[in-house]
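Here, each number is a calculation from the coordinates, and none is a lab measurement. What you see is a predicted model; the values in this text were computed from it and never measured. Cβ coordinates were reconstructed from backbone atoms using ideal geometry, including for glycine residues, and neighbour counts include every protein chain displayed.
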């Protein structure tokens, strides 16, 4: 019996065999987060910055499991159950393995990436083409999430799982980032709480969203970075972070064009339009080390290469 027949029948094969392996990238906080009008109310809207950090999922069929196989988390198991119901198939019998470059609780879409990687594995197992609508609907049953499964910038309602507006996407940045504090639980910042906070500064949010929309339409990286900086500043009202305050003050002296942060997390960093070269990297690294933080460099945005 081959591996595919074993999966279809629920029977085991004698040896372990890798059937599917998939990855999903995470995000570096959000370029913008705030209130967005939707169906005569306000919802949490965001524009995510994807980065080259990933969650990985692998599925093995067969017997004799002796590797680093992990029990399924509740969210991953729910994703598998909802997928099986959606396509009318049995949940595959085998072993899952997971690794991730995305730390939990820092605002890098780690749990969403975990789920998307599992869904992509399931598509490989059952020979289904990836369907963004299926991914969206399953995520909507699991958690408030970022649109990391999409391949372009969009203004996205994280609770409703709806893309309000999509944009041509040719903006990318070099990013230096760090983790500024203990992990944050997203559920501690639920939608009603955040919307109450937003209302205190509703005029600032509306003007910033107007400017951001214009910048994304024009694909103006510097103008988008300016609104990311404004969004980071506004978030200080409900999730104050001393490092973010320092970055808002000093990022231009360090060669950056903007500040980015997680709006319900701890990751924060500087957006660069190019480079930075070796001397600048050293300067920026010293800046973070002086504040007790190790920094990391990566690429973010679209195209994600």
Where the centroid of each part is defined by its Cα atoms, how far is region 187-208 from region 102-124 in Å? 26
Prolate/oblate/rounded label for region 148-242 (Cα gyration tensor, a/c 1.5): rounded
Could I have the simple spin-label model distance between residue 201 and residue 104, label points 7 Å from Cα toward Cβ, reported in nm to one decimal? 3.1
Would you compute the Debye intensity of the chain from its alpha-carbon atoms alone, equal scatterers and no solvent, and pass along log10 I(q)/I(0) at q = 0.16 Å⁻¹ to two decimals? -1.24
Using a Förster distance of 30 angstrom, determine the FRET efficiency expected from the C-beta separation of residue 152 and residue 93, and round it to 0.05. 0.25
Average Cα contact separation per residue, the chain, under 8 Å, 6 or more apart, as relative contact order %: 23
Once a ≥ b ≥ c are taken as the square roots of the eigenvalues of the Cα gyration tensor of region 53-136, is the result rounded (a/c under 1.5), prolate (a/b larger than b/c) or oblate (a/b not larger than b/c)? oblate
Set the Förster distance to 45 Å, then compute FRET efficiency between residue 187 and residue 280 from the Cβ-Cβ distance, nearest 0.05. 0.70
